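Have a look at the structure below before the remarks.
The values are calculated or read from the model by the stated rules, or taken from the named source; none is laboratory data. The model shown is predicted, which means the values in this text are computed figures rather than measured ones. Cβ placement follows ideal geometry from the backbone for every residue including glycine, while neighbour counts extend to all protein chains displayed.
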């Protein structure tokens, strides 16, 4: 019997054909009721990290009189990986883990109290939609490590999603793509697929051109997860004016556009391009800092202090970024690749995006630099005990997607070091064979020769040198990957007999000189 | 008889040995008088673009009771290129051309009214100094066009300047280096040279270590020239605490540190590094935009509109820069080279600064892209009449240093086009054989097949399409190098029969479609 297993271990059986038939009746009944209440029907396609919370935000939106604008059906597939989300959401629980307390409020509120949110596996739901919001996950595949120019985008699942939409929606339904897509996708993939299905259905696409809009999300995991959707700026566009107008009305109802004004661009190419440029800008500015970090280390300079000094100058250098263990997460690691692939494949351009791609390569391999720092002190790492503090890709979140700690872990494993890893938020590490992550930092630190401060979780910033040395049982080698230690703490470590090095922190050599 | 010729043609004879002797007496008398008035003696070394105005700003500084803090001697060399500045300053005239009206006020005010500023050629002046501010020009030499990794820094003139200082100053004199120097210069060049000269003079350098500080300027030509020195943030440092303390007191007296707080870094390496990083950050962010401009052009997107849309998001993308004809001026074109050269030469590092250097290469050759745009319409440029609007490197200033218009001019000349150039502010073009620059735009535009909007001077932004076409005598091909034309104007040009293209402006193709 096929089942889908939730992260907490609960098992959910796939629906039976009978349940399928019942669900269609349910969908019709609910949607009719909701229309009578004056609500439009929104289907959110994809109940992942963005889609599920977007669905809740749409379901939560109300007019000035407290009446919900929309009833939302969240749709996901009957698959081992995804199906569990549907019963979980329908029980009023969030299908995502989050540090934001609003996550555990908004789902029960919309599902149980307002009754404006429900999840379904049944594709029939698209027939009932006034608006479909596309939140299908779309990955960049990088087949050669450190060579992002060979990266590509597999659009087949996305294309299937569009075909499902085209087969089912009414010609008046707005399709709003929220997924970060390669520039050109709405015009060159979404539109032709939907048009093809419309033609099969004898819909006159001259009279009823598909209504397709694009508005990219800027979701950030962490304590402001919900807010990063609702209270944040949006750019949008449509393949024609009517699509853009409908998207404008929808976003206006759902988001706080008064405090976070939206911006209408004149083509979907433009807004798709904006998203990938936005993240390529950040990726490039992080990559740039690695070479300056290396120089700072060699010439006795504290790069972080230099950056702070430059930022006193207002307006021109505020976006300077910082070097670290590396770059993780889901956006900066892939968006330049989507853009480069679009240039090559969707537009057949000879010139692509060399700086952006080079930056991805630098960022993907940045952890090697921390390994180099370690090897400056211990050229042979065999049987050295190394404690890695932090495995998520961002401070104070549990998200491990593309975390640079993984490359650090792998590199040190290859050198036959003995590793222990700690994270206060991560239970198991999906990208490293679902390894259990230690929760007791004293266990992780025990007998460590080397302690790597990999992530800026608050509890690591609060650690006192005395505690660390006590837990290690000796003065160990402390590695600071991104300015997590103050000079005062570094001085204390040095005085207590530790060796210290930090990415971009060349001034530690100077601190050693004035230690006494 | 050796003479020095000012830009306006006035000729100045070099001083005679008798004048030399008299000048020493003058310097002594003036300095003694000024000391009696409670003023410290400042010598500014180098009366160039930064030094002359810095000298005036220091001479202009007053305490709360309106008493000047300092008397300033501006020093420059007896050479054909420089000597004229001395009599010019002493007559109360500024030795620099500037759009800032304050320039033509501050020199007569300090020289004639306050009598706190005087220029001299005589090196004896260093013997009288309490503070020497070093503003010697220091260039990066790029021997291979488009290959900045071969660039280097010739420190010989700078070294001579330091030797002059070391031979003459009192051991208590502060030497404040304001010149943008390769990181490491204060520690590895200035300090050893002065120490060497101190030793020759039997000064005990253990007891009297040279007092050397570094504080880089951020001067911008244009209407806020003086303000960009006085009312702007400063970072500083010293080779020892006493030097840094003295620099702090000096900067506090001279600059508006209340509204523009300064920042003390813990080593001269750090503040030297900060300056070159600051400009490398900008250079890299401009270079990044060229590849996105090219993609935007091919996929029908207006990059400038996309950038505007992204910047609505506050705090994370405010420093995104824009593509243009290219990058000129004196900082972004050389500072990454100084940094890279320092890494190689002063610190013997294996790894240098590849992204920063690659960015310089992209920026130095950016004008080629405008040539490509022109050749998309006119693959053969022989005998084509091309009007270039603007030869300075920055809008609304007359400064032509490293202007990208020069590469455009050279590239089009090589293709045997017939060129005319206009600039409202530049009289002659020093970098192009002192060519006279046309002032009457109608003369420049006459019979032009192609009009290149190269620089964003206000008068070009104000030009109406009808005027341009009338002056050309026909609808010509309009090239917009950096979003100088609004969509409304582009539409007008198109409707009047012109062809239009712009760097990063792919949406023009779309405007053509909806022209009717």
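Looking only at the range B:350-399, how many residues end up being part of a helix (DSSP H, G or I) and within 30 Å of residue A:296 (Cα to Cα)?
Total satisfying the criteria: 11.
Those residues that are outside any strand (DSSP E or B) and under 34 Å from the mean Cα position of the chain (by Cα), I need them from the range A:1-18; list them, please.
A:1, A:2, A:6, A:7, A:8, A:9, A:10, A:14, A:15, A:16
With the condition being at pLDDT 95 or above and in contact with a strand residue (DSSP E or B) (Cβ under 8 Å, 6 or more places away or on another chain), I'd like the helices (runs of 4 or more DSSP H) fully within the range A:190-267 carrying at least 3 qualifying residues.
A:241-254
Just a yes or no: is a residue in the range A:246-266 touching a helix residue (DSSP H, G or I) at 6+ places or on another chain (Cβ under 7 Å), surrounded by 22 or more Cβ atoms within 10 Å (Cβ to Cβ) and under 12 Å from residue A:216 (Cβ atoms)?
Checked against the condition, which is being touching a helix residue (DSSP H, G or I) at 6+ places or on another chain (Cβ under 7 Å), surrounded by 22 or more Cβ atoms within 10 Å (Cβ to Cβ) and under 12 Å from residue A:216 (Cβ atoms), the range A:246-266 yields at least one hit.
Which condition from (1) over 17 Å from residue A:153 (Cα atoms); (2) in contact (Cβ under 8 Å) with a residue 24 or more places away in the chain is the one that residue A:333 breaks?
So residue A:333 meets the others, but not (1).
Can you name every residue in the range B:285-317 that is facing chain A (nearest Cβ under 7 Å) and under 21 Å from residue B:355 (Cβ atoms)?
Hits for the range B:285-317 are B:287, B:288, B:291, B:292, B:294, B:295, B:316, B:317.
Checking residue B:509 against (1) over 16 Å from residue B:374 (Cα atoms); (2) touching a residue at least 60 places away in the same chain (Cβ under 8 Å); (3) in a helix (DSSP H, G or I): exactly one of these is not met. Which one?
Here residue B:509 meets the rest and fails (1).
Within the set of pairs 6+ apart or on separate chains, which have a first residue in the range B:174-199 that is at positive phi and in the same structural domain as residue B:130 (by TED's automatic domain parsing), a second that is crowded, with 19+ Cβ neighbours inside 10 Å and not in a helix (DSSP H, G or I), and C-beta atoms under 9 Å apart?
Matching pairs, first to second residue: B:184/A:299.
Quick grid of which residues meet (1) touching a residue at least 60 places away in the same chain (Cβ under 8 Å); (2) touching a helix residue (DSSP H, G or I) at 6+ places or on another chain (Cβ under 7 Å); (3) loosely packed, with under 12 Cβ neighbours inside 10 Å:
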{"residue": "B:2", "(1), (2), (3)": "yes, no, yes"}
{"residue": "B:16", "(1), (2), (3)": "no, no, yes"}
{"residue": "B:19", "(1), (2), (3)": "no, no, no"}
{"residue": "B:30", "(1), (2), (3)": "yes, no, no"}
{"residue": "B:33", "(1), (2), (3)": "no, no, no"}
{"residue": "B:36", "(1), (2), (3)": "no, no, yes"}
{"residue": "B:42", "(1), (2), (3)": "yes, yes, no"}
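For the range B:182-222, what are the residues that are more than 29 Å from the chain's Cα centre (by Cα) and buried (at least 21 other Cβ atoms within 10 Å of the Cβ)?
Residue satisfying the conditions is B:210 alone.
Residue B:327: more than 12 Å from every other protein chain (Cβ to nearest Cβ), crowded, with 18+ Cβ neighbours inside 10 Å and assigned to a helix (DSSP H, G or I), yes or no?
Answer is no for this residue.
Are there any pairs, at least 6 apart or on different chains, whose C-beta atoms fall under 6 Å, with the first in the range A:46-63 and without any contact (Cβ under 8 Å) to a residue 24 or more places away in the chain and the second outside any helix (DSSP H, G or I) and surrounded by 21 or more Cβ atoms within 10 Å (Cβ to Cβ), and if so, which?
Qualifying pairs under 6 Å: A:62/A:68.
Tell me the residue from A:340, A:348 that is more than 8 Å from chain B (Cβ to nearest Cβ) and without any contact (Cβ under 8 Å) to a residue 24 or more places away in the chain, please.
Testing whether each residue is more than 8 Å from chain B (Cβ to nearest Cβ) and without any contact (Cβ under 8 Å) to a residue 24 or more places away in the chain leaves just A:348.
Please enumerate the residues belonging to the range B:351-384 that are crowded, with 18+ Cβ neighbours inside 10 Å, more than 14 Å from chain A (Cβ to nearest Cβ) and in contact (Cβ under 8 Å) with a residue 60 or more places away in the chain.
If the condition is that a residue be crowded, with 18+ Cβ neighbours inside 10 Å, more than 14 Å from chain A (Cβ to nearest Cβ) and in contact (Cβ under 8 Å) with a residue 60 or more places away in the chain, then B:364, B:370, B:374, B:384 are the ones that fit.
If I go through the range A:461-477 residue by residue, how many of them are crowded, with 23+ Cβ neighbours inside 10 Å and closer than 21 Å to residue A:396 by Cα?
Qualifying residue count, the range A:461-477: 1.
Can you name the residue in the range A:256-273 that is at the interface with another protein chain (Cβ under 10 Å from one of its Cβ atoms) and farther than 17 Å from residue A:243 by Cβ and, of all such residues, is farthest from the chain's Cα centre (by Cα)?
A:261
Test residue B:322 against the criterion of being modelled with pLDDT under 95 and either within 12 Å of chain A (Cβ to nearest Cβ) or assigned to a loop (DSSP other than H, G, I, E, B) (or both), and give yes or no.
No; evaluated as a whole, the condition is false for this residue.
Could we say that residue A:278 is closer than 16 Å to residue B:311 by Cα, outside any loop (DSSP other than H, G, I, E, B) and more than 7 Å from every other protein chain (Cβ to nearest Cβ) here?
Against the criterion (closer than 16 Å to residue B:311 by Cα, outside any loop (DSSP other than H, G, I, E, B) and more than 7 Å from every other protein chain (Cβ to nearest Cβ)), residue A:278 does not qualify.
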